[in-house]
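Here's the structure, in structure tokens; my notes come after.
Only the coordinates and a few stated rules stand behind these numbers; no lab work does. Only a predicted model underlies this, so the values are computations on that prediction, with no experimental measurement involved. Counting neighbours? That spans all protein chains shown, and the Cβs are built from the backbone with ideal geometry, glycine included.
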Amino acid sequence: MTAPTHHLTDEWLLDYASGAATEPVALMVATHLSFCPLCRANAARLEQIGGTLLETIPPVAVDRNAWDRVAARLDEPAPDAPPVRIGIPGVPAPLAAYLPRGLDAAPWAKVGFGAARAALPCVEHRGFKSSLLRIGAGRGFPHHGHRGEEMLLVLQGSFDDETGHYGVGDVAVYDEAVTHRPVAGPERDCICLVVTNAPIRMTGIFTRLLNPFLRS
Amino acid sequence: MWQFSRYRTGGRTAPRLRAIPNAGARGCDDRVSDPAFAQAAALVVALRAVATSHDRSAFAQLFAHFAPRVKAYLMRLGTAAGEAEDIMQDVMLTIWRRADSYDPAQAGVSTWVFTIARNRRIDILRRERRPTLDASDPALQPEAPVQADQAAQAQEWEERLGTALEELPPEQGEMVRMAYYEDRSHSDIAQRLNIPLGTVKSRLRLAIARLRLRFEEP
């Protein structure tokens with residue numbers, strides 16, 4: 001497997017590094033980082049900014065008994081370490097927490113055109129939701145636009161659209177300005193992690209009829 | 001109001017955060033006499049003493065340095081003083097318990113503490129899962145080969161960062177500070193400052209690009 005060539009922008013990495021990222025966005029970022037050494041290095045540098053800022057912040061007095069209270073607990077047994085997350089082939093650890101039984105066991109629901117969608121149990125924030133999208137090997141998803149922002153991360157297989165070729169670990173970001181027709185690579189079904197804050201908008205003459213029924 | 005210019009002391013640029021002097025590597029020469037550098041080095045030594053021998057007096061030193069800063073960080077993010085105090089104590093305990101997971105080749109002590117404070121805060125206040133990179137995930141794509149002087153480089157980066165943050169144009173510095181310390185989405189920042197969202201994004205982008213340049217300098 002080669003390293004991703006489509007990366008996260010600093011904006012997403014910054015939200016992750018600063019802790020401002022909401023659960024769906026953090027899931028997307030952490031999953032991409034699992035695939036991408038370059039973005040890991042960038043995120044680490046953004047965390048260093050946080051560390052530098054911590055050194056420059058004017059300190060605030062702590063409670064008079066703060067040290068005593070902490071010192072009294074130093075001998076307590078440490079709480080159980082978080083369970084070791086067992087790797088699942090093709091599912092990096094951050095995502096595995098949501099898919100304990102793997103990609104195939106996700107709650108897939110057909111959406112037509114050889115594609116299926118599976119919701120992920122992420123807390124919704126400002127309309128952002130997480131889900132999985134599967135497009136059959138070699139199949140195309142109809143030409144569509146977006147009513148908001150949409151991020152795709154390829155977990156398995158690959159797809160091509162007007163903006164490029166996306167393989168495992170690659171991230172594609174779309175907004176209202178982009179319309180595209182993703183076509184899955186022939187090698188196997190393409191499965192993507194999707195974070196979006198609005199339904200897509202079909203732009204084909206016939207598929208437009210579907211618009212009232214589409215959900216994000 | 002706190003500003004980056006606060007840490008300009010006596011007209012001289014004084015980046016506060018210096019990481020460890022890595023014995024044998026470059027960077028251990030004249031800096032040893034620099035108080036900020038000596039302090040950062042002392043923090044590393046203290047953290048190692050906690051990791052290897054549960055040294056309480058070393059931990060007291062870390063507590064004295066970080067507890068007031070972590071509390072300040074939490075309060076700046078809008079946490080009330082009482083709750084900030086509780087979370088700070090939790091963060092300090094986490095430092096005590098996980099001291100052995102600190103890797104000086106990856107980052108300075110302050111960066112490590114920052115990530116702990118950031119994570120504990122989300123875990124305690126947000127009550128949602130916090131998807132996070134698992135460095136031990138065997139599925140990770142391998143890193144670039146580790147440089148022999150990586151620790152010295154981590155130290156140099158943080159040093160450069162302090163200077164670079166200080167040299168940002170004020171409006172960009174303000175964006176960075178808000179991004180880290182106010183837990184605000186970009187659109188909240190735009191609303192609060194009464195400037196277009198695009199301006200917030202472009203200022204942040206510019207600021208990060210400038211800071212990144214500092215990393216990429218030879």
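Quick notes on this one:
- Counting beta carbons within 10 Å around each of A:32, A:6 and listing the fewest first gives the order A:6, A:32.
- Under the simplified labelling scheme, the residue B:171-residue B:209 pair shows an inter-label distance of 1.5 nm, with each label point 7 Å from Cα along Cα→Cβ.
- Cα centroid separation - the range B:185-199 against the range A:2-60, whole Å: 21 Å
- Normalising the Debye intensity of the range B:167-218 to I(0), with uniform scatterers on Cα atoms only, and taking log10 at q = 0.19 Å⁻¹ returns -0.59.
- With Cα atoms, 0 to 90° folded angle of helix A:37-56 axis to chain A main axis: 40 degrees
- Estimated from the Cβ-Cβ distance and a Förster radius of 25 angstrom, the FRET efficiency linking residue A:101 and residue B:106 is about 0.15.
- Projecting the Cα atoms of B:80, B:44, B:113 onto the charge dipole of the range B:29-133, computed from C-beta unit charges around the Cα centre, puts B:80 farthest toward the positive end.
- Reciprocal of mean inverse Cα separation for chain A (Kirkwood radius, Å): 19.3 Å
- From the alpha carbon centroid of the range A:155-179 to that of the range B:78-106 is 39 Å.
- Nearest-20 debye value, the range B:167-218 charge dipole, Cβ charges on Lys, Arg, Asp, Glu: 140 debye
- Modelled this way, with points 7 Å down the Cα-to-C-beta line, the labels at residue A:176 and residue A:38 are 3.0 nm from one another.
- Our estimate of slack between residue B:128 and residue B:98, defined as 0.36 nm per intervening residue step minus the Cα-Cα distance, is 8.6 nm.
- Shown for chain A: cysteine residues without a partner Cβ closer than 4.7 Å, namely A:122, A:190, A:192.
- Note on B:103-112: average number of Cβ atoms from other chains within 10 Å of each residue's Cβ is 4.
- The range A:96-192: projected area of the alpha-carbon convex hull, averaged over directions, in nm²: 6.1 nm²
- For chain A, the 222 nm mean residue ellipticity estimated from helices alone, with every DSSP H stretch of n ≥ 4 adding -39500 (n - 2.57) and the total spread over all residues, rounds to -7000 deg cm²/dmol.
- Rough spin-label spacing in nm, given labels placed 7 Å along Cα→Cβ, for residue A:110 and residue B:194: 5.7 nm
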